[in-house]
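K.L.:
Sharing a structure with you now.
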Amino acid sequence: MSPKELLETRITGAMRAVTGTGDPELVPQSRLSGPMPWVIAIMVAMTVIALAAGLALRNTVISAQAGLEGGLTVQIVEARAPERRAQSEAAMQRLESLPAVVGLRLVPKEELDHLIEPWLGSDQGTTSAMPVPIPALIDVQLSGRADEKQIEKVRAALVAVAPAARVDAQSGWLEPVYDAIASLQWLAIALVVLLAMALAAAVLMAARSALGTNRDTIEIVHLLGGTDAQIARVFQRSIGVDAAGGGVVGFALALIVILLLGRRFAGLGAGLVDQGSLGWIDWTLLAMVPLAAALLAMITARVTVMHALRKML
Amino acid sequence: MSKPTGEEIVQFDNVGLRYGTDREVLRNLSFTLFPGSFYFLTGASGAGKTSLLRLLYLAQRPSRGMIRMFGSDAITLPRERLPLLRRRIGVVFQDFRLVSHLSAFDNVALPLRVAGAADRDLRKPVTDMLEWVGLADRMDARPATLSGGEQQRVAIARAVIPRPQMLVADEPTGNVDPEMAVKLLRLFEALNGLGTTVVVATHDVHLLQKVPDSLIMRLNKGQLADPTGALRFPPRRSANPSRHGRPAA
Ligand SMILES: Nc1ncnc2c1ncn2[C@@H]1O[C@H](COP(=O)(O)OP(=O)(O)O)[C@@H](O)[C@H]1O
Ligand SMILES: [Mg+2]
């Protein structure tokens, strides 16, 4: 072939040279290698676990609060058993007549004994010479919230028929517990934010070092007429691939941990925890974590590379 | 026919270049390159040939002076417009600058890909080009496994394949035997015959005689040898209108 023939070969792409935006496969993808995918995997796993914990805690608080909000407990604190029984019955009748009360239950003696057993032993009030007097307990469900005003009303209604009655909101008992859970929830949120920042920092360093080791390639592509966007895209994609791979591994790890922990809690059969299980919205949120990580990695890589390129001619 | 002077492809006016705070390595350069001409840039090692070419292929901005390329002011041109100008320039770097993790094929295909060519469009031209420079059996080789001469041929193939408007080659035959050097020069001439302005830097005076129609720029310690040749380069032969009248194919 004469050199002229060689050069006269029409190259469709070259004809577009002036407007071309470039083939995405400018420079082949780098393989999954180096610490980057693993760093991302660990970050994603920790983020997902922290987020899952936060969501489970929130669900616990919400479902428990819904049940407890309208709940009141009336105790008849009276040492003499006959008197206690009389006042309990009177209180029940009076409560029944109140319009705000939608549910009413006198907790049976056996149930009370059972509740107290772990603290005071099993033979309370039966065989013991000096039985510890146990107050009678009435569970009251109000139609609305059991706020101070409602409690006052109930107290006023009971004072005449059952002077030994003590009225408390059920949520009040558990308030410190919920406060603690709420702060745990904030802790989980703070952890998620910190992990996201650490992830961004890790990606930033990875992008910088990739930029350093590939400076030659970048300069060459630059001098061949590659645009900043084309060059950034090469990096963005290869870091995106790393991040996606790491994200999948990390999510799988987190999934195993969550399911195992969930099982253990379910095994406890404790009321608090099984109300805190994760719904499908929660799972969707968790699944967004690896996606968000890959996105964050790509954006960080792009910004880093574009910034470095702007310093070149 | 002589082209109107408004169509000069490169124009330098009183250009100076210094690296950092050193002395100027290029001084008072004033010259014009016309479309379709073939230039040799000669001078001793260290005279500033590579530095001048770096200005030509837009890897470097001068410290002073004015440069116009393809009708644009290259000094004030915004960064975003540089890529499109660079795609009109083919470069053979003195140190080849092949992408180390790409095969010979992918290196040659790179400028076409940058310009947006699809894989199916570039397979044949790239293969033909590599065959022509004698690397048919080395297409999948990485640069590190190629000899200096082979790398140089890949670099030349990469510079030539997009059929640039201007080809800038820095000592492009320094690592090949004389026979291959002549063959590569024929490639440059053919490109030149298709209308490309060619600038070849070399310190090999024998090469100059191989292209009879070429124009010669001599650099001496950062200055063009004929200091009065400002804007009239080359002082003697620019008077010959047939030089500029080469029909662009
Ligand atoms: N990047 C650089 N930084 C500082 N000095 C440089 C650089 N590149 C070249 N020089 C100096 O500029 C002068 C000209 O070099 P160069 O353009 O490479 O000459 P040639 O290609 O003709 O051998 C030399 O003195 C060289 O040391
Ligand atoms: Mg040089």
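The values are calculated or read from the model by the stated rules, or taken from the named source; none is laboratory data. Predicted model only: the values in this text are computed from it and were never measured. Here Cβ is always computed from backbone atoms with ideal geometry, including for glycine, and neighbour counts include all displayed protein chains. Keep in mind that these areas ignore ligands, DNA and RNA; they rest on the heavy atoms of the full protein, side chains included. Shrake-Rupley method; radii C 1.70, N 1.55, O 1.52, S 1.80 Å.
K.L.:
Across peptide B:75-88, what mean number of C-beta atoms from other chains lies inside 10 Å of a residue's C-beta?
P.N.:
For this peptide, the per-residue mean of nearby foreign Cβ atoms is 4.
K.L.:
Assuming R0 = 45 Å, what is the FRET efficiency of A:Ala86 and A:Ser277, from their Cβ-Cβ distance, to the nearest 0.05?
P.N.:
Computed FRET efficiency for A:Ala86 and A:Ser277: 0.50.
K.L.:
Per Stokes-Einstein, at 25 °C and 0.890 mPa s, what whole-number D in µm² s⁻¹ belongs to region B:106-205, with the Kirkwood radius over Cα pairs as the hydrodynamic radius?
P.N.:
Taking Rh from Cα pairs, D becomes 176 µm²/s.
K.L.:
Which shape class, rounded, prolate or oblate, goes with region A:140-246 when its Cα gyration tensor gives a ≥ b ≥ c as root eigenvalues, a/c under 1.5 marks rounded, and past that a/b bigger than b/c marks prolate?
P.N.:
Prolate, because a/c is 1.5 or more and a/b exceeds b/c.
K.L.:
Taking the simple approach of a point 7 Å from Cα along Cα-to-Cβ for both B:Arg61 and B:Asn14, what is their distance in nm?
P.N.:
Each label point lies 7 Å from its Cα, and together they span 1.9 nm.
K.L.:
Between chains A and B, what is the buried accessible area in Å², counting both sides, with a 1.4 Å probe and ligands, DNA and RNA left out, to the nearest 100?
P.N.:
3700 Å²
K.L.:
If you don't mind, there's one more thing I want to ask. At 1.4 Å probe size, with no ligands or nucleic acids counted, give the accessible surface of A:Glu175 in Å², nearest ten.
P.N.:
The value for A:Glu175 is about 100 Å².
K.L.:
Can you tell me which of B:Lys124, B:Lys183, B:Lys49 moves the most in a GNM of chain B? Springs connect C-alpha atoms under 10 Å apart.
P.N.:
B:Lys124
K.L.:
Count the net charge of all other residues whose Cβ sits under 12 Å from the Cβ of B:Leu85, scoring Lys and Arg as +1 and Asp and Glu as -1.
P.N.:
Its environment carries a net charge of +4.
K.L.:
Considering amide H positions built from the backbone, and no H for Pro or chain starts, which residues 5 or more places from B:Val25, or on another chain, come under 5 Å of its amide H?
P.N.:
Amide H to amide H, under 5 Å and 5 or more residues apart or across chains, B:Val25 pairs with B:Leu17, B:Arg18, B:Tyr19.
K.L.:
Based on the alpha carbon coordinates of region B:8-130, what radius of gyration and maximum Cα-Cα distance (Dmax) apply, in Å?
P.N.:
Both quantities, over Cα of region B:8-130: 16.6, 50 Å.
K.L.:
Next question. Apply the a/c threshold of 1.5 to the C-alpha gyration tensor of region B:1-80 and tell me whether it is rounded, prolate or oblate.
P.N.:
It comes out oblate by the Cα gyration axes.
K.L.:
Provide the solvent-accessible area of A:Leu57, counting protein heavy atoms only and rolling a 1.4 Å probe, rounded to the nearest 10 Å².
P.N.:
Accessible surface of A:Leu57 is approximately 40 Å².
K.L.:
Report, by chain and number, residues whose modeled amide H sits under 5 Å from the one on B:Met217, excluding near sequence neighbours (fewer than 5 apart, same chain).
P.N.:
Under 5 Å from the amide H of B:Met217: B:Phe40, B:Leu41, B:Thr42.
K.L.:
In whole Å, largest first, what are the principal axis extents of the Cα atoms in chain B?
P.N.:
Taking the Cα atoms of chain B, the three principal extents are 50, 39, 32 Å.
K.L.:
Among B:Val133, B:Ser147, B:Ala225, whose Cα lies farthest out toward the positive end of the dipole of chain B, if unit charges sit on the beta carbon of Lys, Arg (+1) and Asp, Glu (-1)?
P.N.:
B:Ala225
K.L.:
Need the C-alpha centroid separation for region B:152-191 versus region A:38-103, integer Å.
P.N.:
Using only Cα atoms to place each centre, the spacing works out to 84 Å.
K.L.:
Further, regarding this structure: Mean separation of Cα pairs under 8 Å and 6+ residues apart, divided by the residue count of chain B: what relative contact order is that in percent?
P.N.:
Relative contact order comes out at 32 percent.
K.L.:
Which of the aspartates and glutamates could a cross-linker span from B:Lys49 if the Cα-Cα distance has to be under 18 Å and same-chain partners fewer than 8 positions apart are dropped?
P.N.:
B:Asp13, B:Asp22, B:Glu24, B:Asp95, B:Asp170, B:Glu171, B:Asp204, B:Asp226
K.L.:
Also: Hey, could you get me the Stokes-Einstein D for region B:55-103, Kirkwood radius over alpha-carbon pairs, 4 °C and 1.567 mPa s, rounded to whole µm² s⁻¹?
P.N.:
Taking Rh from Cα pairs, D becomes 104 µm²/s.
K.L.:
With the Cα gyration tensor of region A:174-313 in hand, give its eigenvalues times 5 under a square root as the equivalent ellipsoid semi-axes, listed largest first in whole angstrom.
P.N.:
In descending order, the three semi-axes are 43, 15, 10 Å.
K.L.:
Which value in nm describes the separation of the simple spin-label points at B:Arg79 and B:Ala118, placed 7 Å from the Cα toward the beta carbon?
P.N.:
It is 3.3 nm.
K.L.:
For region B:157-210, which semi-axes, largest first and in whole Å, follow from the square roots of 5 times the eigenvalues of its Cα gyration tensor?
P.N.:
18, 11, 11
K.L.:
Using r as the Cβ-Cβ distance of A:Ser143 and A:Arg264, and R0 as 35 Å, what FRET efficiency do you calculate, to the nearest 0.05?
P.N.:
0.40
K.L.:
What are the lysines whose alpha-carbon lies under 22 Å from the alpha-carbon of A:Lys4, with same-chain residues fewer than 8 places away excluded?
P.N.:
B:Lys124, B:Lys183, B:Lys210
K.L.:
Say R0 is 35 Å: what FRET efficiency, to the nearest 0.05, do A:Leu184 and A:Gln93 get from their beta-carbon distance?
P.N.:
Working from the Cβ atoms, E equals 0.25.
K.L.:
Follow-up. Give the distance, in whole Å, between the Cα centre of region A:153-193 and the Cα centre of region A:203-266.
P.N.:
47 Å
K.L.:
Of A:Gly226, A:Gln185, A:Ile239, whose Cα points farthest to the positive end of the dipole of region A:135-245 (charges on the beta-carbon: +1 Lys, Arg; -1 Asp, Glu; origin at the Cα centre)?
P.N.:
A:Gly226
K.L.:
Using only the alpha carbons of region A:152-208, determine the length spanned along each of the three principal axes and report them from longest to shortest in whole angstroms.
P.N.:
78, 15, 7
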